[in-house]
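The values are calculated or read from the model by the stated rules, or taken from the named source; none is laboratory data. Since the model is a prediction, treat every value here as computed from it, not as a measurement. FYI the Cβ positions are ideal-geometry reconstructions off the backbone, even for glycines, and counts take in every protein chain you see. Heavy atoms of the whole protein, side chains included, go into the accessibility calculation; ligands, DNA and RNA do not. Shrake-Rupley method; radii C 1.70, N 1.55, O 1.52, S 1.80 Å.
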Amino acid sequence: MARLSKVKVLEQCQVSPPPNSCSPDISQTSLPLTFLDIPWLFFSPSLPLFFYEFPFPTCHFTSTVLPNLKHSLSLTLQHFYPFAGTLVARPKPGIPELVYTQGDSVSVTVVESDGDFVYLSSNFPREVEEFYTLVPELASSSSFAPISNATQAAKLPLSSVQITVFPNCGICIGLAYHHVVADGRTFNNFIKAWASSSRLGDSSKVDVRSKPSYDRTAIVDPYGLEAIFLKEWWKRISSQGLALLGPRYNNGHSTNVVRATFLVDLAQMEGIKNWIIALCNEGNEPHPVHLSPYVLTCAFVWVCLVKSQENDLNHNIWCGEDPNYFGFIAGGLTRMGHPVPPTYVGNCVGFGRSMAVSKDLLGENGIVVATRAIGNTIKKLDKAILGGAEKWISEWEVMFGSELHVMVFGSPKVDLYETDFGWGRPKKIEDIGIDGAKAISLTESRDILGGIEVGLVLPKPQMEAFTTFLIEGLDAFS
């Protein structure tokens, strides 16, 4: 095992929006959670890391770059003030809400690392523990008494930032934010606005797509889902206390676990598609309803994961009739049935859960089974994104309780590799949130048009098996 890197704290500060810039006429602003926000109360924070090449000494960064980064973050927070606010959660019948009070801020920590920047920003398998010093701290539910027994509301900060300098090599900008404040689209708008302000030095020149909308009436609840989800939330806090959690990873206890990134390009996706069509034609079966790059990549990775896990669990489980789940998030802007501004701040996504029998995924037509399962789920979401939504939380709890599941973080439709603070595009993006979560991350490829980067965290033996199945599969499809 490689020596773990060490970090030295250079600065700890709080960054607020400029005074009186968010709500000039009132001292406090609150945003109610919509029914699309409430399910995210059950999830751990998102933990993206952005690696940038920066071949300058630390003193150059702290004297010339850091002041601009903090100033541009402050200017950005005046538009995206919920990121500086708190989640206020109350016992039943209190409804959780996002609250920003003048003076609220985002915690920013600046550290210097003696770690290997090239190693950390590569694709090959790397020790997961090496990344944990790059993740900003964010208060979790363990910091508060269970609100079922509390007389006052519990408050949680919603985001934090850590900037790690690798002298003469690079910079890592790490963020932690609770998903209840933003889906991937909103976060993309926020990080792009910050980067644009940093690069251009003028918040008035921020990309117009990042000008936020806080119109909660854009999220229409025709089926009374808010009441259903709140009931689930109150049930959770009455038995377990505040459900928002800290990171899933267990810092210091993740030996023999590695992180790796794999690229699936358009030519390989086309090969997978042709193989699926050939198998269907051979068996006189209808073609799957969705053969998009997203579905093809997800189905292929799902099958490879199932094969790589077969030897790690009871063989009878994997070869039996037990359900194997694949969970993902579906964008709601084009599926809600009414206009939702693309600059809407909050969550506008649906939950998809596909299911297949384990032994079928392991069979000769496993790729067809996986593609059909995911495609059929997307078809249902396309037709009615809120169809069966009353079971979202309960069904996902069943999925998370099963050893036989995988879920997707991120989306290749969000162009995060275009996030330029003034030093060029990121060299690498990692999602630490997948650690310990039986999850994969999907991002658009940095260098290959139309390609998809797949991030995985697995025990070393399973990662080796997964790599073998992936390479052999791609060779077979070519």
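Please work out which one of (1) surrounded by 18 or more Cβ atoms within 10 Å (Cβ to Cβ); (2) of a type in the set (Gly, Ala, Ser); (3) under 30 Å from Lys235 (Cβ atoms) is the condition Ser74 fails and give its number. In the conditions (1) surrounded by 18 or more Cβ atoms within 10 Å (Cβ to Cβ); (2) of a type in the set (Gly, Ala, Ser); (3) under 30 Å from Lys235 (Cβ atoms), Ser74 misses (3) alone. In segment 380-392 there is no residue matching the filter, namely being open to solvent by 30 Å² or more (accessible area, probe 1.4 Å) and in contact with a strand residue (DSSP E or B) (Cβ under 6 Å, 6 or more places away or on another chain). Looking across segment 88-98, the residues that are open to solvent by less than 30 Å² (accessible area, probe 1.4 Å) and either at pLDDT below 95 or among the small types (Gly, Ala, Ser) (or both) come down to Val88, Ala89, Gly94, Pro96.
Filter segment 351-368 for residues that are part of a helix (DSSP H, G or I) and free of Cβ contacts under 8 Å to residues at least 60 places away in the same chain and give the result. Matches in segment 351-368: Ser358, Lys359, Asp360, Leu361. State the number of residues belonging to segment 101-123 that are under 24 Å from His71 (Cβ atoms) and of a type in the set (S, T, N, Q). Going through segment 101-123 one residue at a time, the tally reaches 6.
Checking the stated criteria, Ser5 turns out to be modelled with pLDDT under 95, open to solvent by less than 20 Å² (accessible area, probe 1.4 Å) and over 30 Å from Gln240 (Cα atoms). Of the numbered criteria (1) under 21 Å from Gly422 (Cα atoms); (2) modelled with pLDDT under 95; (3) surrounded by fewer than 22 Cβ atoms within 10 Å (Cβ to Cβ); (4) of a type outside the set (A, V, I, L, M, F, W, C), the one His79 fails is (3).
Against the criterion of being surrounded by fewer than 18 Cβ atoms within 10 Å (Cβ to Cβ), in contact with a strand residue (DSSP E or B) (Cβ under 8 Å, 6 or more places away or on another chain) and not hydrophobic (A, V, I, L, M, F, W, C), Gln14 qualifies.
Residues of segment 48-62 include none that is modelled with pLDDT under 95, among the hydroxyl-bearing types (Ser, Thr, Tyr), open to solvent by 50 Å² or more (accessible area, probe 1.4 Å) and in the same structural domain as Tyr177 (by the TED database). Evaluating Glu472 against the criteria (1) open to solvent by 30 Å² or more (accessible area, probe 1.4 Å); (2) within 19 Å of Asn256 (Cβ to Cβ); (3) of a type in the set (D, E, K, R) leaves one unmet condition, (2).
Filtering segment 431-445 to residues that are in a strand (DSSP E or B), open to solvent by less than 20 Å² (accessible area, probe 1.4 Å) and touching a Phe, Trp or Tyr at 6+ places or on another chain (Cβ under 6 Å) leaves Ala439, Ser441. With respect to Leu245, is the statement that it is modelled with pLDDT under 95 and either open to solvent by 60 Å² or more (accessible area, probe 1.4 Å) or outside any helix (DSSP H, G or I) (or both) true? So Leu245 passes the test. Considering the conditions (1) at pLDDT below 95; (2) within 16 Å of the chain's Cα centre (by Cα), Glu430 is excluded by exactly one of them, (1). Residues that are open to solvent by 50 Å² or more (accessible area, probe 1.4 Å) and under 13 Å from the mean Cα position of the chain (by Cα) within segment 400-412 comprise just one, Gly410. If we keep just the residues of segment 108-120 that are open to solvent by less than 40 Å² (accessible area, probe 1.4 Å) and out of contact with any helix residue (DSSP H, G or I) (no Cβ under 8 Å at 6 or more places or on another chain), which is nearest to Gly174 (Cα to Cα)? Checking each candidate, the answer is Thr109.
Specify the residue that is modelled with the highest pLDDT; the eligible residues are those in segment 232-242 that are over 12 Å from Pro96 (Cα atoms) and open to solvent by 40 Å² or more (accessible area, probe 1.4 Å).
The residue in question is Lys235.
For every residue, the table says whether it meets (1) in a helix (DSSP H, G or I); (2) over 30 Å from Gly337 (Cα atoms); (3) assigned by the TED database to the domain that holds Thr34.
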{"position": "Thr377", "(1), (2), (3)": "yes, no, no"}
{"position": "Ile385", "(1), (2), (3)": "no, no, no"}
{"position": "Glu390", "(1), (2), (3)": "yes, no, no"}
{"position": "Ser402", "(1), (2), (3)": "no, yes, no"}
{"position": "Pro412", "(1), (2), (3)": "no, no, no"}
{"position": "Gly424", "(1), (2), (3)": "no, yes, no"}
{"position": "Ile429", "(1), (2), (3)": "no, yes, no"}
{"position": "Asp447", "(1), (2), (3)": "no, yes, no"}
{"position": "Leu470", "(1), (2), (3)": "yes, yes, no"}
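Just one of the numbered conditions (1) of a type in the set (A, V, I, L, M); (2) within 19 Å of Asp435 (Cα to Cα); (3) at pLDDT below 95 is not true of Ala154: (2).
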